[in-house]
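So the structure is just underneath, and the comments pick up after that.
The values are calculated or read from the model by the stated rules, or taken from the named source; none is laboratory data. Bear in mind the structure is a predicted one, so any value in this text is a computation, not a measurement. Reconstructed Cβ throughout: ideal geometry from the backbone, glycine too, with neighbour counts over all protein chains shown. Ligands, DNA and RNA are excluded from the accessible area calculation, which covers all protein heavy atoms including side chains. Shrake-Rupley method; radii C 1.70, N 1.55, O 1.52, S 1.80 Å.
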Amino acid sequence: PGSGSVVLDSRDFSLQFPTVYQQPLEYSELRGSLFVDWDNSGFVLSSELIEAYEGATRLPAVFTLNVPRQANDVGVEMDLLIGLEQADASVRQKYIPYFLDDKLRQWLEESILNGRVHEGGFVWRGSLRKENLPRSTVQLFLDLHETELAFLPQWPVLRDITGMLLIDDTAVSVWIQHAAMPKSAVQIVSAELWRGPSNDF
């Protein structure tokens, strides 16, 4: 009474998140342990290390979901940490939420031509209520290799990019160790983008 656990060791496993992705997330393997605890104050679902595989790509994850029984200002809270190892850039189509701005989705689809993610990570901490999102934390980092980027159609394509992308809530940082352009090379470049006081970038 008050607690339980589930041990997962599965093949051809799928997860469905209809409010985020239109298609189920499918994996060749998934294993890990889930724990559930509940009392009069609420319900908590948590995990030890969960490992999912999609071919040679490994996705380790740890999470906690806290669901209160009584209504409050915070609502459901989630701590989610997901890793990504040895993935092709095309995998992004699987993990881009469908509710993002259409122009951003189009740019991500058309501008990133090829590439490899050596390592990556995603963090969500905070309330899942839309009105509380400004008080939540969202972070993403990607260690990119052999990547091709067509930033704008009229710009030359950057090829063989090795670098790092970091998103920390509304701040974006890019560090390029080296890349190639027609008849030239690019080395040691950084770019920063952040939201100003007027809420503009």
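By the scheme Lys and Arg +1, Asp and Glu -1, what is the net charge of all other residues having a beta-carbon under 12 Å from that of W175?
That sum, taken over residues with Cβ under 12 Å, equals -2.
Is the shape of the range 140-201 rounded, prolate or oblate, going by the alpha carbon gyration tensor and its root eigenvalues a ≥ b ≥ c, with a/c under 1.5 for rounded and a/b larger than b/c for prolate?
prolate
For K103, give me every one of the lysines with a C-alpha distance below 19 angstrom, ignoring sequence neighbours fewer than eight places off in its own chain.
K94
Using alpha-carbon pairs under 8 Å, 6+ residues apart, how would you state the relative contact order of the chain in percent?
11 percent
Can you tell which of F151, F99, F13 shows the greatest fluctuation in a Gaussian network model of the chain with Cα springs below 10 Å?
Residue with maximal mean-square fluctuation among F151, F99, F13: F99.
Along the positive direction of the dipole of the chain (beta-carbon charges: Lys, Arg +1; Asp, Glu -1; about the Cα centre), which of L81, S3, Q177 reaches farthest?
After comparing all options, I get Q177.
Given the Cα-Cα distance of L15 and A171 and 0.36 nm per residue of separation, how much length would full extension add, in nm?
Full extension from L15 to A171 adds 53.2 nm.
With each run of n ≥ 4 DSSP H residues scored as -39500 (n - 2.57), what mean residue ellipticity at 222 nm is computed for the chain after dividing by its residue count and rounding to the nearest 500 deg cm²/dmol?
Taken over the chain, the calculation gives -1500 deg cm²/dmol.
For the chain, report the accessible area per residue in Å² (1.4 Å probe, heavy atoms, rounded to an integer).
On a per-residue basis, 66 Å².
Which whole-number percent gives the relative contact order of the range 124-201, counting Cα pairs below 8 Å spaced six or more residues apart?
Reported as a whole number, the value is 21 percent.
Mind checking the angle between helix 102-111 and the chain's longest principal axis? C-alpha axes, 0 to 90 degrees, to the nearest 10.
On a 0 to 90 degree scale, this one is about 50.
Grab the Cα-Cα distance for L80 and S111, subtract it from 0.36 nm times how many residues apart they are, and report the gain in nm with one decimal.
Answer, rounded to one decimal: 8.3 nm.
Got a number for carbon plus sulfur as a percent of the range 1-80's accessible area, 1.4 Å probe?
Heavy-atom surface of the range 1-80 belonging to carbon and sulfur, 1.4 Å probe: 53 percent.
How long are the three semi-axes of the equivalent ellipsoid for the range 109-158, computed from the Cα gyration tensor as the root of 5 times each eigenvalue, in whole Å, largest first?
Over the Cα atoms of the range 109-158, the semi-axes work out to 31, 15, 7 Å.
For the chain, compute the orientation-averaged projected area of the C-alpha convex hull (one quarter of its surface), in nm².
Average of the hull's projected areas for the chain equals 13.7 nm².
Hey, what did the range 152-197 get for relative contact order, percent, Cα under 8 Å, at least 6 apart?
Contact order relative to length: 33 percent.
Using a 1.4 Å probe and ignoring any ligands, DNA or RNA, find the accessible area of V117 and quote it in Å² to the nearest 10.
In the full protein context, V117 sits at about 10 Å².
Identify which of L15, L149, L59 has the largest mean-square fluctuation in a Gaussian network model of the chain, with springs joining Cα atoms closer than 10 Å.
L15
Please state the equivalent ellipsoid semi-axes for the range 76-147: what are the square roots of 5 times the Cα gyration tensor eigenvalues, largest first, in whole Å?
Square roots of five times the eigenvalues give 25, 17, 8 Å.
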